[in-house]
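Just below is one structure, and these are the notes that go with it.
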Amino acid sequence: MVYYIQEDDGPSEPENFKARTSHRINSIQGNYLGATHYDGTDVIVATGDDGDVGDHIDYQGRITSHAAPSLGDHGDHVIGTVFGAGNRDPRGRGMAPGATM
């Protein structure tokens, strides 16, 4: 008699490489004729995660103030998802690469 069977999880894969598509950013920052190009320019973003965000090439010149010392790196990851410029790796481009924090 079989009481319960649980399917094994498939191999894990990073979700960050398809985040722009799953958030439909590709439709407002399209690289095709007639596409809109909203990138967050002139938008100021704030986050309250785990403290100060570390220096990174994707944030240069766009962090206007600093918070308390960081308690981890989760905040850096969140900010990268929001406004990473994709300078080091274009796949790491955020949702609003022209925004300021």
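The values are calculated or read from the model by the stated rules, or taken from the named source; none is laboratory data. Remember, it's a predicted structure, so these values are computed and weren't measured experimentally. Here Cβ is always computed from backbone atoms with ideal geometry, including for glycine, and neighbour counts include all displayed protein chains. With ligands, DNA and RNA removed, areas are computed over all heavy atoms of the protein, side chains included. Shrake-Rupley method; radii C 1.70, N 1.55, O 1.52, S 1.80 Å.
Restricting ALA35, ALA68, ALA85 to residues that are in contact with a Gly (Cβ under 7 Å, 6 or more places away or on another chain) and in a loop (DSSP other than H, G, I, E, B) narrows the list to ALA68. Evaluated against (1) open to solvent by 40 Å² or more (accessible area, probe 1.4 Å); (2) more than 15 Å from the chain's Cα centre (by Cα); (3) at pLDDT below 85; (4) of a type outside the set (Lys, Arg), TYR38 falls short on exactly one condition, (3).
Residue under question is GLY54, and the condition is that it be in contact with a helix residue (DSSP H, G or I) (Cβ under 9 Å, 6 or more places away or on another chain) and among the small types (Gly, Ala, Ser); does it hold? When the stated conditions are applied, GLY54 passes them. Selection within the stretch 71-82: residues that are assigned to a loop (DSSP other than H, G, I, E, B) and open to solvent by 40 Å² or more (accessible area, probe 1.4 Å). The member of this set that is farthest from ARG24 (Cα to Cα) is LEU71.
When the residues of the stretch 45-70 are filtered to those that are acidic (Asp, Glu) and closer than 24 Å to ILE25 by Cβ, the one that is most open to solvent (accessible area, probe 1.4 Å) is ASP49.
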